[in-house]
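Read the structure below first, then the notes.
What follows draws every value from the coordinates through simple rules; no lab data is involved. Not measured: the values here are computed from a predicted model. So basically every Cβ, Gly included, is an ideal-geometry build from the backbone, and we count neighbours across all protein chains shown.
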Amino acid sequence: MNKTLVLSTTISNIIIKLAREQGKAPEILLTELLETKLDPKISVNVYLELHKKYLDEGKKLLEKGDLTQASEKYWSAVTALLNAIGVIRREPHYSHRELSLLVEKLAIELKRPELSKLFAVAERLHANFYHNFIKSKETFEEYVKDIIKLVKILKEYLQQKMQ
């Protein structure tokens, strides 16, 4: 059985264009579109797999010094986890606004107000992908520390909810 899907250039370009317009990785966009057809457990597992993939890619890009591309990978890793949480909670999680609202709810529910600040760092990295304003690798690495803190909190929450 072939596990590779080859898309036409036209379809690929449409997916990439739509994902970029929505500030999402193409895989995230496709998973969101498929969610209505998938068992929620499958959707959550896909988001968790994407989260790991994006974290690994972000780390490799950072090691190469490609801060712009690494920015989007770290953002995508965070949004993949938030999408998984949205699925579990049966709450909207498709737009940037919905993700922000979800983070605010989590911050209140978990009594972890720092979640909002940590998410703001992820948003800064997302903006850097489009505007390329972070030039210092040392500064970027400090942002990544905050992303790792956020990821840890979100993963702990997911683990509790999945039991």
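Pick from K73, K59, K37 the residue whose mean-square fluctuation is largest in a GNM of the chain, springs joining Cα atoms under 10 Å.
Highest fluctuation among the options: K37.
Between K41 and E123, what is the label-to-label distance in nm when each label sits 7 Å out along the Cα-to-Cβ direction?
3.6
If you average the sequence gap of Cα pairs under 8 Å that are 6 or more apart and divide by the length of the range 43-106, what percent do you get for the contact order? Walk me through the intermediate numbers first.
Details: 63 pairs, mean separation 21.4, N = 64.
Across the range 43-106, relative contact order equals 33 percent.
Based solely on its DSSP helices, what 222 nm [θ] is calculated for the chain when runs of n ≥ 4 H residues each add -39,500 (n - 2.57) and the sum is averaged over all residues, nearest 500 deg cm²/dmol?
Details: 7 runs with 129 residues, N = 163.
For the chain, the value works out to -27000 deg cm²/dmol.
Treat the count of other C-beta atoms within 10 Å as a stand-in for reagent exposure and order L30, L150, L67 from fewest to most.
In order of increasing Cβ crowding within 10 Å: L30, L67, L150.
Go through L110, H131, V144 and say which Cα lies farthest out towards the positive end of the charge dipole of the chain; charges sit on Cβ, +1 for Lys and Arg, -1 for Asp and Glu.
Farthest towards the positive end: L110.
Assuming 0.36 nm per residue, please report the length gained on full extension of the stretch V6 to Y130 beyond their Cα-Cα distance.
Net length gain for the segment: 41.9 nm.
Apply 1/(1 + (r/R0)^6) to the Cβ-Cβ distance of E142 and L18, taking R0 = 45 Å, and write down the FRET efficiency to the nearest 0.05.
0.85
Just check the chain against the gyration tensor rule for me: Cα atoms, a ≥ b ≥ c as the square roots of the eigenvalues, rounded for a/c under 1.5, and otherwise prolate or oblate depending on whether a/b exceeds b/c. The partial results should precede the final answer.
Working: a/c = 1.67, a/b = 1.05, b/c = 1.59.
Note, shape of the chain comes out oblate.
My understanding is that a pair violates if its Cα-Cα distance is over 27 Å; which of K37/K60; K41/K152; K111/K152; K37/K145 do that in this structure? Spell out each step's value before the answer.
Values: K37/K60 33 Å; K41/K152 20 Å; K111/K152 15 Å; K37/K145 36 Å.
Over 27 Å Cα-Cα: K37/K60; K37/K145.
Evaluate the charge dipole of the chain about its Cα centre and quote only its size in Debye, nearest 20, assuming +1 on the Cβ of each Lys and Arg and -1 on the Cβ of each Asp and Glu.
Computed charge dipole of the chain: roughly 180 debye.
Under a 10 Å cutoff between Cα atoms, tell me which one of A84, A70, A120 has the largest fluctuation in the Gaussian network model of the chain.
A120
What is the local net charge at E114, summed over the other residues whose Cβ is closer than 11 Å to its Cβ (Lys, Arg +1; Asp, Glu -1)?
Cβ neighbours under 11 Å give a net charge of +3.
For the range 9-162, with the dipole built from +1 on Lys and Arg beta-carbon atoms and -1 on Asp and Glu ones, taken about the Cα centre, which of V44, A19, Q69 lies farthest toward the positive end?
V44
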